[in-house]
1. What are the pairs, 6+ residues apart or on separate chains, where a residue within segment 200-212 that is closer than 13 Å to residue 254 by Cα has its Cβ under 7 Å from a residue that is β-branched (Val, Ile, Thr)?
2. Need pairs with beta-carbon distance below 8 Å; first residue at negative phi and within segment 138-150, second assigned to a helix (DSSP H, G or I); sequence gap 6+ or separate chains.
3. Looking at segment 182-212, which of its residues are in a loop (DSSP other than H, G, I, E, B) and crowded, with 21+ Cβ neighbours inside 10 Å?
4. May I ask you to say which residue of 169, 223 is touching a residue at least 40 places away in the same chain (Cβ under 8 Å) and out of contact with any strand residue (DSSP E or B) (no Cβ under 7 Å at 6 or more places or on another chain)?
5. Considering segment 80-112 alone, what residues qualify as being open to solvent by 10 Å² or more (accessible area, probe 1.4 Å) and assigned to a loop (DSSP other than H, G, I, E, B)?
6. Do we have any residue at all in segment 56-73 that's open to solvent by less than 40 Å² (accessible area, probe 1.4 Å), among the β-branched types (Val, Ile, Thr) and under 27 Å from residue 246 (Cα atoms)?
7. Picking from 258, 159, 215, which residue would you name as being assigned to a loop (DSSP other than H, G, I, E, B), crowded, with 23+ Cβ neighbours inside 10 Å and in contact with a strand residue (DSSP E or B) (Cβ under 9 Å, 6 or more places away or on another chain)?
8. Looking at (1) under 19 Å from residue 224 (Cα atoms); (2) out of contact with any Ser or Thr (no Cβ under 6 Å at 6 or more places or on another chain), can you tell me which one residue 122 breaks?
Amino acid sequence: MGRTIRVAAVQAEPVWNNLQGAVGKTISIIQCAANEGANVIGFPEVWIPGFPWSIWSRGAVENTPYMNEYFKNSLERESPEMDQIRSAVKDAGMFCVLGYSERYRGSLYMAQSFIDENGDIVHHRRKMKPTHIERGYWGDGQGASIQPVAKTSFGNIGALNCWEHLQPLLKYFEYSQDVEIHIASWPPIWDIKEGIEWADHMTAEMSTKICQTMAVEGTCFVLVCTQVMSEESRKINNLEDFKFAQCPGGGFSMIFDAFGKPLVKALPPGEEGILYADVDLDLKRQAQQSLDVIGHYSRPDLLSLNVTATEAEPIVLLKENEPRH
């Protein structure tokens with residue numbers, strides 16, 4: 001007997017810099033997916049309160065008012081707003097990987113909370129290394145964040161953010177945990193338009209290929225979950241002169257099977273929607289018969305990975321007479 005799970009990949013526009021509005025839209029999407037019988041749903045990177053592309057389009061000083069609002073509208077893990085989302089997931093009876101900008105005291109983190117069908121956060125991780133200019137606004141993940149997989153009623157579910165999918169050692173560690181369903185969370189990303197100079201590896205097309213490669217390498221189902229941006233939101237996000245942003249657009253959501261095969265038809269890049277697929281988790285074992293990068297297709301005698309999963313603390317209290325290092 002196969003283990004068939006109905007999965008849902010979100011492609012939608014955030015409620016930019018509006019925490020309450022974002023919570024409401026998140027709950028609405030969860031309810032919609034529940035009505036379609038989804039068991040597992042994935043959201044984009046920093047879905048709440050949206051990915052601030054203005055950090056790329058404007059200088060830090062000019063961007064200060066925008067990012068002050070962004071900080072205030074980021075989501076705390078322990079908060080009434082998160083409680084509302086957890087309650088909605090419980091009512092839906094599904095498993096949710098929620099991407100959001102996590103506000104913790106005076107810092108922000110690019111977080112993913114794994115919420116089970118009981119409404120409990122069974123795992124929580126932060127992006128290990130924010131990408132490029134992101135490092136000026138979000139902190140690094142520590143300790144528990146290197147663990148990308150949770151064992152759930154719907155299979156072993158993993159998740160990474162954006163260019164974490166280009167971290168080969170982090171992905172290999174995830175494969176070692178027998179991941180079956182992977183949530184690939186991304187911001188809105190556009191393909192290059194003629195006459196615009198931009199990095200070729202930072203496009204929607206390349207990001208999709210990266211996720212498809214992970215499906216093949218990890219012999220897992222991959223849900224690519226992305227944001228979109230409307231033309232009306234360009235000004236809200238300080239992107240009036242940012243030619244790379246092609247609005248409406250930015251979405252490239254997809255669902256791949258454990259052989260890397262696309263299972264659904266992609267939505268237009270500017271269209272909001274939810275992609276659904278019924279996946280048989282036993283397909284993973286079929287794929288692994290010929291490709292198991294942790295098992296028969298590995299050489300641990302020659303190549304292996306060391307992992308430090310200890311949480312780094314900013315303050316360590318030493319006992320009296322305890323030697324100092």
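1. Between residues of segment 200-212 that are closer than 13 Å to residue 254 by Cα and residues that are β-branched (Val, Ile, Thr), the close pairs are 204/189; 207/189; 208/224; 211/222; 211/224.
2. Once the first residue is at negative phi and sits in segment 138-150, its partners that are assigned to a helix (DSSP H, G or I) give 146/170; 146/173; 148/170; 148/173; 148/174; 149/174.
3. Taking segment 182-212 and keeping what is in a loop (DSSP other than H, G, I, E, B), we get 186-203.
Within segment 182-212, 186, 187, 188, 189, 190 qualify.
4. Working: 223 fails: out of contact with any strand residue (DSSP E or B) (no Cβ under 7 Å at 6 or more places or on another chain).
Going through 169, 223 in turn, just one is touching a residue at least 40 places away in the same chain (Cβ under 8 Å) and out of contact with any strand residue (DSSP E or B) (no Cβ under 7 Å at 6 or more places or on another chain): 169.
5. Of everything in segment 80-112, those that are open to solvent by 10 Å² or more (accessible area, probe 1.4 Å) and assigned to a loop (DSSP other than H, G, I, E, B) turn out to be 93, 105, 106.
6. No: segment 56-73 contains no residue that is open to solvent by less than 40 Å² (accessible area, probe 1.4 Å), among the β-branched types (Val, Ile, Thr) and under 27 Å from residue 246 (Cα atoms).
7. Working: 159 fails: assigned to a loop (DSSP other than H, G, I, E, B); 215 fails: assigned to a loop (DSSP other than H, G, I, E, B).
None of the others qualify; the one that does is 258.
8. Unmet for residue 122, out of (1) under 19 Å from residue 224 (Cα atoms); (2) out of contact with any Ser or Thr (no Cβ under 6 Å at 6 or more places or on another chain): (1).
The values are calculated or read from the model by the stated rules, or taken from the named source; none is laboratory data. Keep in mind that this is a model prediction, so the values were computed, not measured. Don't worry about glycine lacking a Cβ; one is built from the backbone with ideal geometry, like all the others, and counts go over all protein chains shown. These accessible areas exclude ligands, DNA and RNA; they are computed on the full protein's heavy atoms, side chains included. Shrake-Rupley method; radii C 1.70, N 1.55, O 1.52, S 1.80 Å.
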